[in-house]
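Visitor: Right, I'll just put the structure down here and ask away after.
Since every read-out is calculated from the coordinates, none of them should be taken as a lab result. These numbers come from a predicted model, not from an experiment. All Cβ positions, glycine included, derive from the backbone under ideal geometry; neighbour counts span all protein chains shown.
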């Protein structure tokens, strides 16, 4: 015998845009570029330094910037004998960062999370010099959990000259964390963010933002509109980018933030590509969709009262609610799941009003009504 359970609740957030209270989500913004300090090889005949730059070998900015698809990072390099002052090598280096690992299962690479440790991870790359030399690069990375600062040892091996030395570089992850205060509307989400640089408390980043919801995938896709955020150095302008709701971590949204110039302290544009992670635990109507992208209802709609009865060939769902409002009937076969499916939609002309539902194929089914 089949048994039918009526999950008769009206889990709804029904307030107008003007009455919608501001919500707070957690945010983390991190740069996909790494900041390298000069590296040193201490040889028998004296020290050799190695500096990186993405804006010219004579203007070192320490940036190892992302490139796509593989190797995943690139920079110019300049290798100098500190005794003679002569250039030993310069050119372009292509280097992978360590392979993806996600110990905390949040969907982001541990390598780019200050909270996660990197211990003895290795990667490889290549280099090419305008003088005609080229070779291989090996890298070993270390960074303790909770620290933005780590150490990378770069081993250069020329195809013609052999080993050129092991260069020990301090490097830095650039990460900000904090909050995003937002107010959702029917087609967009607006608000302000306030972030603090990890490991550098006085460094703040703040400003307004606007996301526009996708017309075809409003719960899971939003477009960050161009804007400006500010830090102590000045105004950082960014362009539009698409953000997605994570299919596994359903409270998380993520996307790129592309600045026109991410580091105003250097003479040219650099440190351009960042990733913004938004974690929103607010779910006012309990439907599994964070308030950040959920639909907004109306202030004059009341939670519906539901009664489910079984007939010989169908079910009858009685909905007592606000006349004139659309009521969406949703069904699921397990209350532990989140993929509710819409089986009927009705605009009430009477209170109460009955909706006919087919007998479910599964032994157990649950229903709820959402007011639009």
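Visitor: Which of rounded, prolate, oblate describes the range 305-371, given a ≥ b ≥ c as roots of the alpha-carbon gyration tensor eigenvalues and a/c under 1.5 marking rounded, otherwise prolate only if a/b is larger than b/c?
Guide: Oblate.
Visitor: So what are the three principal axis dimensions of the range 34-172 from its Cα atoms, in whole Å, longest to shortest?
Guide: Sorted from largest, the Cα extents of the range 34-172 read 49, 29, 27 Å.
Visitor: Please identify which residues in the range 322-337 have an amide N closer than 20 Å to a label point set 7 Å out from the Cα of residue 105, following the Cα→Cβ vector.
Guide: 335-337
Visitor: Counting other beta carbons within 10 Å of each Cβ, put 313, 183 in order, fewest first.
Guide: 313, 183
Visitor: Determine the principal axes of the Cα atoms in the range 100-259, then give the extent along each, sorted from largest to smallest and rounded to whole angstroms.
Guide: That gives 64, 37, 34 Å along the principal axes, largest extent first.
Visitor: Sticking with this structure for a sec: May I ask you to list the residues of the range 219-246 whose amide nitrogen lies under 11 Å from a point 7 Å from Cα along the Cα→beta-carbon direction of residue 265?
Guide: In the range 219-246, the label zone of residue 265 (backbone N under 11 Å from the point 7 Å along Cα→Cβ) covers 232-233.
Visitor: Need the C-alpha centroid separation for the range 84-122 versus the range 25-49, integer Å.
Guide: Cα centres, the range 84-122 to the range 25-49: 10 Å.
Visitor: I'm checking a number: the convex hull volume of the Cα atoms of the chain, normalised per residue, in Å³. What is it? Kindly include the intermediate steps, with their values, before the conclusion.
Guide: Working: hull volume 61.3 nm³, N = 372.
Spread over its residues, the Cα hull of the chain gives 165 Å³ apiece.
Visitor: Would you calculate the separation in nanometres between label points at residue 318 and residue 42, each defined as 7 Å from the Cα along the Cα-to-beta-carbon direction?
Guide: That separation, rounded to one decimal, is 8.6 nm.
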